[in-house]
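The values are calculated or read from the model by the stated rules, or taken from the named source; none is laboratory data. None of these values were measured; they are calculated from a predicted model. Every residue, glycine as well, gets a Cβ built from its backbone with ideal geometry; the counts of neighbours run over all protein chains shown. The accessibility values were calculated without ligands, DNA or RNA, using every heavy atom of the protein model including side chains. Shrake-Rupley method; radii C 1.70, N 1.55, O 1.52, S 1.80 Å.
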Amino acid sequence: MDLVQTIALSTGLAWASGLRLYLVVFLAGVLSYFGYLHLPETLAVLHNPLVIGAAGIMAFAELIADKIPAFDSLWDSVQTFIRIPAGALLAAFAMGDVDPAWTVAAGLIGGTITAGTHCAKAGSRLAINTSPEPFSNWIASFSEEGMVLGGLWTMLASPLVFLGLLVVLLLLAGWLLMRFRALLSRLRRRS
């Protein structure tokens, strides 16, 4: 793998983990198992059938949980303690067998990317849950799944394009976090 592909893999796994960790692990494992994705030896465990199976079951559970208004926010709050460290580890291990300083740096950056993506997702879903109808929740959920699939495909097909889009998505996540902060301020003033 060249450096651009490695950085795209590291940041891509971290970014997508903030949205759908189990789907990311499942897809990376399946794609690696069938030879469509070359993972570094440090991530070879992802193509183990046990890992693929467990990730597939959890991805299916998340597919259902994420469509239920209010329960999706509860799910996201629990996932905060799972997605962020897992995204950091995926980013770190995606660097392969390199100087440990690079691994730690990738983990720190990857964890930050995962946290930003996860917080933007959870915050926007919390705001969507204030709407009484379930359709906006379903649209948001399917959009997130589409973003993960499209993002991973772009990461593999054109790492440079993915990295450019990632910058845009991270800026969008920052904007959503600011909007979420404003929403929380308004809710506090009402109470």
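Of all the numbered requirements in (1) open to solvent by less than 50 Å² (accessible area, probe 1.4 Å); (2) in a helix (DSSP H, G or I), residue 95 misses one, and that requirement is (2).
Taking segment 103-126 as the range and being within 18 Å of residue 172 (Cα to Cα) and surrounded by fewer than 18 Cβ atoms within 10 Å (Cβ to Cβ) as the test, the residues that pass are 109, 112.
In segment 171-191, what residues are open to solvent by less than 100 Å² (accessible area, probe 1.4 Å) and either under 13 Å from residue 130 (Cβ atoms) or of a type in the set (D, E, K, R) (or both)? Of everything in segment 171-191, those that are open to solvent by less than 100 Å² (accessible area, probe 1.4 Å) and either under 13 Å from residue 130 (Cβ atoms) or of a type in the set (D, E, K, R) (or both) turn out to be 180, 183, 184, 187. Of everything listed in (1) open to solvent by 20 Å² or more (accessible area, probe 1.4 Å); (2) touching a residue at least 12 places away in the same chain (Cβ under 8 Å); (3) of a type in the set (Asp, Glu), the single unmet condition for residue 76 is (1). Looking only at segment 125-133, decide whether some residue is farther than 22 Å from residue 11 by Cα, of a type in the set (Gly, Ala, Ser) and at pLDDT below 90. Checked segment 125-133: at least one residue is farther than 22 Å from residue 11 by Cα, of a type in the set (Gly, Ala, Ser) and at pLDDT below 90.
Under the condition of being loosely packed, with under 13 Cβ neighbours inside 10 Å and in a loop (DSSP other than H, G, I, E, B), the residues counted in segment 49-69 number 0. Of everything listed in (1) of a type outside the set (Val, Ile, Thr); (2) assigned to a helix (DSSP H, G or I); (3) out of contact with any Phe, Trp or Tyr (no Cβ under 8 Å at 6 or more places or on another chain); (4) within 16 Å of residue 125 (Cα to Cα), the single unmet condition for residue 21 is (4). Kindly evaluate residue 28 against the criterion of being among the hydrophobic types (A, V, I, L, M, F, W, C), within 17 Å of the chain's Cα centre (by Cα), closer than 15 Å to residue 155 by Cβ and in a helix (DSSP H, G or I). Yes.
Looking at segment 142-170 only, could you name the residues that are of a type in the set (Val, Ile, Thr) and open to solvent by less than 50 Å² (accessible area, probe 1.4 Å)? Full working, then the answer.
Here is the first cut: in segment 142-170, the ones of a type in the set (Val, Ile, Thr) are 148, 154, 161, 167-168.
148, 154 - these are the residues of segment 142-170 that are of a type in the set (Val, Ile, Thr) and open to solvent by less than 50 Å² (accessible area, probe 1.4 Å).
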